[in-house]
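So the structure is just underneath, and the comments pick up after that.
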There are 2 protein chains.
Amino acid sequence: MTTTAINTNSKTIGILGGGQLGMMLAQAALKLGHRCVFLEDADNPPAGLYGQVFKSHQLEAFIAACDVFTLEFENTPVETAELLSQQKQGIYPPPNALAIAQDRLIEKALFDELNIGTVPYRVVNSLAELQDSCNKLGLPLVLKTSRGGYDGKGQFVIKTTDDIAAAWGQLGSATTGEGGLTSTPAPLIAERFIDFEREVSIIAVRSKNGDVRFYPLVENHHQQGILSKSIAPAADAEILNKQAQKSIERILTHLNYVGVLTLELFVSKSELIANEIAPRVHNSGHWSIEGAACSQFENHIRAVVGLPLGDTSIIKPSVMLNIIGKYPNLDDILATDGVNFHHYHKSERAGRKIGHLTIISESITDHQHIESIVQQSNC
Amino acid sequence: MTTTAINTNSKTIGILGGGQLGMMLAQAALKLGHRCVFLEDADNPPAGLYGQVFKSHQLEAFIAACDVFTLEFENTPVETAELLSQQKQGIYPPPNALAIAQDRLIEKALFDELNIGTVPYRVVNSLAELQDSCNKLGLPLVLKTSRGGYDGKGQFVIKTTDDIAAAWGQLGSATTGEGGLTSTPAPLIAERFIDFEREVSIIAVRSKNGDVRFYPLVENHHQQGILSKSIAPAADAEILNKQAQKSIERILTHLNYVGVLTLELFVSKSELIANEIAPRVHNSGHWSIEGAACSQFENHIRAVVGLPLGDTSIIKPSVMLNIIGKYPNLDDILATDGVNFHHYHKSERAGRKIGHLTIISESITDHQHIESIVQQSNC
């Protein structure tokens, strides 16, 4: 009847970033007997409810507190990830996955190298190269910064030759490191405009011993560049699912990846076109908390601490809706059965993801009712 | 684009007790956008990972920090609950439910008053009354303290008349408030020994506006007086389910109850016999986190803060196993699909509930495999 250590297998996981993804990773980690701490400079981050938050200048204390590291924030400096890969039990996923996700040119090169179909593109370092790209790729096209863009920022759709000057005016400064778009000079990338039928994503997880499991392909809807809805599983996607699994597995193996990886794709003329990767748990996988046997968050934690992977199969078809800008009235939302609400404890601000909900009801009327409440509230 | 308050509907819920039930209540509350704080004298309680812990002598500060109160610990002093019922938005469930659950004689009287079948019993204040009870009820019988017993403690099974003196020797001091069994003098209670076929429980939740929802009847298995396994739903229990619903609804209505209430029952000769109530979320409802559309924890929080109740129906048949005394090897446990582990962050100690797992696999082989690992580890 002596009191012993809580659990000799219990680890403290250091997470780079303390947003809602870190919060949901911590929810999963605590259930498994681990603790989390976070490296995050924002005040009162959501994850702070679940563990200690360290600021960047406290990196040494953060490292000292941890057994192993991971990340929830894609724009974490690669140097920090590389430093942590040499500390304690290392960082998962590997820093090179982060480097790739932060640079659309390296990412495109990876897709090409692994024979994963992607959007035709050209590198743009000057107005002349932009004009040349418009000729070669045809219009419309999308001009993007190769580094630093997110949620639709750092993009310009060039519809006619008249737009070229304006596009260069807005984004060209990124090539010199000016204009605040990127911190260091980085080329732009011109991509052919894809008139896609739908946007989908696949999330997979790989363990330290190389096991891989896939969540089903999910259909995503965006509003003003921000994910607003994910439908799991995507309808009529049996063949696409297999293709997407092959593509993401190639990336996982190539990078000797450990943890959850997301691949976002377009469906155009029934073909998959890879858009980008996210080396982390992803908003399009939030449905898995209730909808899958084991969530993306728990599977990521399992991979990072070296536990066997969990079952990624779907329990109930799910629809995930993001709460953006303003919280809806919970009385209205929760009066419908099958609604699971996730509040991020963030203050309201237009365009900000502050919560999500997952509907597991199979009733279309329920879905439409809840969606209309959320749409009226979102801003 | 101004930053406003996080959510004007966000409340701080003050929970009496900070054990694993408080921890799981907090997990549910945080998801809904609320915060929790706890009144708990133990060091490093599980719930402390999810909110601030106040000690008993800090009651005033605890009250000041809260908007509304609830409890997870059944032996909370009724006086504290009564005090809190006058503070802020009050306490749910009502203090009288707590008073009833703490006294088996009042509890029995309630069952009698509401026509809920219970075990025949007699009050015992002396050795003479015990001998008389043995004659009237017949042997075997179970002698219990009317206050303060839990997990099989404070009980003595009298099989033959030879046991009467020993039973009185062990428990009789409770009637004078001595012997450490209860803090104040309290009668004993002699109950006829029920040779039951199985033990079951029903959990229900009632909202402030009187809505009631029922979880399905669950079958419970005990080892050395401690719950070891719950099977949800209990097999072949359609009629019993309806009877149990009627009984618990009578109690909920009678007490003008708000929150989750548990009723434990025996099944003997296919009849339900009420054993006891717990005015709180209950170990036999842990399966509902993964197995029901809305868990007992979320429904309790919804009731306490005045939100609509969630769907109590079952998503997948579940088996819940308690982890007692020692943590099993998680590598072995999680290698089987469909296992959901809940670590309580408690130190190992024989006979102590330190975690649980819920298996949602429908494979009997999986169940047996996991159960045998847990049984080998439990102590």
Enter the accessible area of B:Glu74 (Å², nearest 10), with the probe set to 1.4 Å and all protein chains included.
40 Å²
Cα principal axis extents for segment A:121-279, largest first, Å
47, 33, 28
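So if we plug the beta-carbon distance of A:Lys246 and B:Glu178 into 1/(1 + (r/R0)^6) with R0 = 56 Å, what FRET efficiency do we get, rounded to 0.05? Walk me through the intermediate numbers first.
Details: r = 75 Å, r/R0 = 1.34.
FRET efficiency, A:Lys246 to B:Glu178: 0.15.
Longer than 19 Å from Cα to Cα, which of A:Lys144/A:Lys326; A:Lys88/A:Lys208; A:Lys144/A:Lys229; A:Lys316/B:Lys208; A:Lys11/A:Lys208; A:Lys31/B:Lys55 are they? Say none if no pair is.
Numbers: A:Lys144/A:Lys326 29 Å; A:Lys88/A:Lys208 16 Å; A:Lys144/A:Lys229 24 Å; A:Lys316/B:Lys208 31 Å; A:Lys11/A:Lys208 16 Å; A:Lys31/B:Lys55 25 Å.
Among A:Lys144/A:Lys326; A:Lys88/A:Lys208; A:Lys144/A:Lys229; A:Lys316/B:Lys208; A:Lys11/A:Lys208; A:Lys31/B:Lys55, the Cα-Cα distance tops 19 Å for A:Lys144/A:Lys326; A:Lys144/A:Lys229; A:Lys316/B:Lys208; A:Lys31/B:Lys55.
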Averaging 1/r across every pair of distinct alpha carbons in segment A:120-192 and inverting yields a Kirkwood hydrodynamic radius, in angstrom, of 11.7 Å
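For the protein assembly as shown, what is the per residue volume of the convex hull drawn over the alpha-carbon atoms, in cubic angstrom? All intermediate terms of the calculation are to be shown ahead of the outcome.
Working: hull volume 124.5 nm³, N = 758.
For the protein assembly as shown, the hull spanned by Cα atoms encloses 164 Å³ per residue.
How many times 2.2 N^0.38 Å is the alpha carbon radius of gyration of segment A:12-91? Working shown, then result.
Numbers: Rg = 11.1 Å, N = 80, 2.2 N^0.38 = 11.6 Å.
This ratio for segment A:12-91 stands at 0.96.
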Taking the C-alpha atoms of segment A:79-178, how large are the radius of gyration and the largest Cα-Cα span, Dmax, in Å?
16.4, 55
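Give the average over all directions of the projected area of the C-alpha convex hull of segment A:198-377, one decimal, in nm².
For the Cα atoms of segment A:198-377, the hull's average projected area reads 10.4 nm².
Taking the Cα centre as origin and putting +1 on Lys and Arg beta-carbons and -1 on Asp and Glu beta-carbons, what dipole magnitude results for chain A, to the nearest 20 debye?
Numbers: 31 positive and 41 negative charges, 120 e Å.
That gives chain A a dipole magnitude of about 580 debye.
How shielded is A:337-344 by partner chains, expressed as the average number of their Cβ atoms within 10 Å of its Cβ atoms? Present the calculation step by step, with values, prior to reporting the outcome.
Values: counts 9, 6, 5, 6, 6, 4, 10, 3.
Partner-chain Cβ atoms within 10 Å, mean over residues of A:337-344: 6.
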Once you put a point 7 Å from the Cα of A:Ala42 and another 7 Å from the Cα of B:Leu59, both along the Cβ direction, what distance in nm separates them?
4.1 nm
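Of all alpha-carbon pairs in chain A, indicate the percentage at a distance above 31 angstrom.
Numbers: 26924 of 71631 pairs.
Every Cα pair in chain A considered, those over 31 Å come to 38 percent.
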Rounded to the nearest 10 Å², the 1.4 Å probe accessible area of A:Ile100 is 20 Å²
Which of B:Ala64, B:Ala28, B:Ala97 ends up with the largest GNM mean-square fluctuation for chain B, with Cα atoms connected below 10 Å?
B:Ala64
Round to the nearest 0.05 the FRET efficiency obtained for B:Thr12 and A:Thr253 when R0 = 56 Å and r is the Cβ-Cβ distance.
0.70
Between chains A and B, total accessible area buried, probe 1.4 Å, no ligands or nucleic acids, nearest 100 Å², roughly 4100 Å²
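The values are calculated or read from the model by the stated rules, or taken from the named source; none is laboratory data. Bear in mind the structure is a predicted one, so any value in this text is a computation, not a measurement. Virtual Cβ from ideal backbone geometry, glycine too; neighbours counted across all protein chains shown. These area figures cover heavy atoms from the full protein model, side chains too; ligands, DNA and RNA do not enter into them. Shrake-Rupley method; radii C 1.70, N 1.55, O 1.52, S 1.80 Å.
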